[in-house]
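The values are calculated or read from the model by the stated rules, or taken from the named source; none is laboratory data. Because the structure is a prediction, the values reported are computed rather than measured. Cβ atoms come from the backbone with ideal geometry, glycine included; neighbour counts cover every protein chain shown. Only protein heavy atoms, including side chains, enter the accessible area calculation; ligands, DNA and RNA are left aside. Shrake-Rupley method; radii C 1.70, N 1.55, O 1.52, S 1.80 Å.
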Amino acid sequence: MNALEFATEVRLHLVAGVDSLAIIETGYCSDLLSDAIANAPVNSVFITVQAHKNTVAVATLVGVPLIILCNNRIAPLDMIDAAIDKKIGIAQTEKSQFEISILVHTILTQTR
Amino acid sequence: MPNESGKNISTAALFTQEALFRLRVSDVMTRNVVTASPSDTLRVVQNFMKKNRLSGIPITLDNRILGIISVDDIIRALDFNYIEDRVEAHMSRNMVALEETMPLSFAVAYFEKFGFGRFPVISPEGLLSGILTGGDILRALLQEVSAEAERLSSSQPHSIVSPRALYRSFEVYKYDFSNAGKASQEIKAILTEAQLAPGLIRRIAVGSYELEMNLALHSDGGNLSFSMSPSAIDIIARDNGPGIPDVSLACTEGFSTANDWIKSMGFGAGMGLPNVKRVSDEFDIASIVKLGTIITARFFIPPENKGSL
């Protein structure tokens, strides 16, 4: 589904906007960036607690249009700047990776 | 190239940023630290502060740091009339210390994050080896900038590359977390422009990112190069140390020598080299302890240009 539509549907608090042309097909949940870069599918939403600039680098390289930072992690300014530059969305949530994963799964399967 | 966002940043600002990553805390810190012992009275510490014009003094025993006393603690002691008490009853024990080997960029982030005026610095053995203040950082940066200005006035700037070159070379600095990944992003942009298959681009991007992160995380700094011929792409990571004692162990999934703060950033899971090996068509590693490591990852471009992951 369209990334913007997805963000609205999950009621995400975006701190960096999503690319309105991007598509979200699935999700990937990991706090290990090496694992994410090896395994995160293209067009997935990346669910993590890693709130720093390197997460944006990984997202750019694997083709992830949206990062969700869980457990109230706050994206630092340099991360937001990098994300805007690379047209990658960042959302912050108080939910855990587990909770947000369920939500993401529900929304993606409902609309299929 | 779309990757031109930094072009309006002045050369001096870029240089300062580079210096922050290149310099270690130990390069910059003040080494002769005035300390007090836990059995001293707050009055003694107050006199130390006055005499040496300090706003905070670490409390140590046998060179191990136990706490810190700041001007605020002294003022409180004067207000509430316990200035003759022993230090150990009133020192702040919740401290954040920097490690000698941390890049200065980390130290700057700590100053922002914690709002303290100074951080004690500990050696790899856990002993107090210095103290770092904002003033130390400023002084070091000023020195670096003026030395660079002198160097620039006597030589030509290096690394001028044409956007369509088939060879690129990137310097990677130790612990430069916030710039690590830039080389791979640029490589990916070149490949996208060359219209290679998305699967192949991703494999190359993964390989180059892991090699780039390895240089930043594990080497003393090095160089990542990218070259493209009509049939293959080579990504080569070279560094000048410290070398890998057991190469086959280093290529085993799950083996890692990363320290805790590397791990806290989501790296150092022991997946780097195995990932590079998995995504590349040819993988070669040569390492000599103390001298350095060269890793080559080669990716073939299929005639029909259809990469798959």
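For region B:214-237, indicate whether the set of residues that are among the β-branched types (Val, Ile, Thr) and surrounded by fewer than 22 Cβ atoms within 10 Å (Cβ to Cβ) is non-empty. Yes, region B:214-237 has at least one match. Counting the residues of region A:6-26 that are farther than 19 Å from residue A:82 by Cα, among the aliphatic types (A, V, I, L, M) and surrounded by 16 or more Cβ atoms within 10 Å (Cβ to Cβ) gives 4.
For region A:28-112, the helices (runs of 4 or more DSSP H) that sit wholly inside it and include 3 or more residues that are farther than 22 Å from residue B:275 by Cα and in contact (Cβ under 8 Å) with a residue 24 or more places away in the chain are A:77-85, A:97-110. Checking each residue in region A:38-49 for being touching a strand residue (DSSP E or B) at 6+ places or on another chain (Cβ under 8 Å) and either at the interface with chain B (Cβ under 8 Å from one of its Cβ atoms) or open to solvent by less than 10 Å² (accessible area, probe 1.4 Å) (or both) picks out A:40, A:44, A:45, A:46, A:47, A:48. Checked against (1) within 16 Å of the chain's Cα centre (by Cα); (2) among the hydrophobic types (A, V, I, L, M, F, W, C); (3) over 16 Å from residue A:33 (Cα atoms), residue B:244 meets all criteria but (1).
When each of B:54, B:66 is tested for being in a loop (DSSP other than H, G, I, E, B), without any contact (Cβ under 8 Å) to a residue 40 or more places away in the chain and surrounded by 12 or more Cβ atoms within 10 Å (Cβ to Cβ), the lone residue that passes is B:54.
Does any residue of region A:56-75 turn out to be among the β-branched types (Val, Ile, Thr) and over 24 Å from residue B:212 (Cα atoms)? Looking through region A:56-75, at least one residue is among the β-branched types (Val, Ile, Thr) and over 24 Å from residue B:212 (Cα atoms).
Going through (1) away from every other protein chain (no Cβ under 13 Å); (2) open to solvent by less than 10 Å² (accessible area, probe 1.4 Å) one by one, residue A:62 falls short only on (1).
Taken over region B:69-112, the criterion of being part of a loop (DSSP other than H, G, I, E, B) and open to solvent by 50 Å² or more (accessible area, probe 1.4 Å) is satisfied by B:80, B:81, B:84, B:85, B:90, B:93, B:94, B:95, B:101.
In region B:243-271, the residues that are away from chain A (no Cβ under 12 Å) reach residues that are of a type in the set (D, E, K, R) with C-beta atoms within less than 7 angstrom, at least six apart or across chains, in these pairs: B:243/B:290; B:251/B:277.
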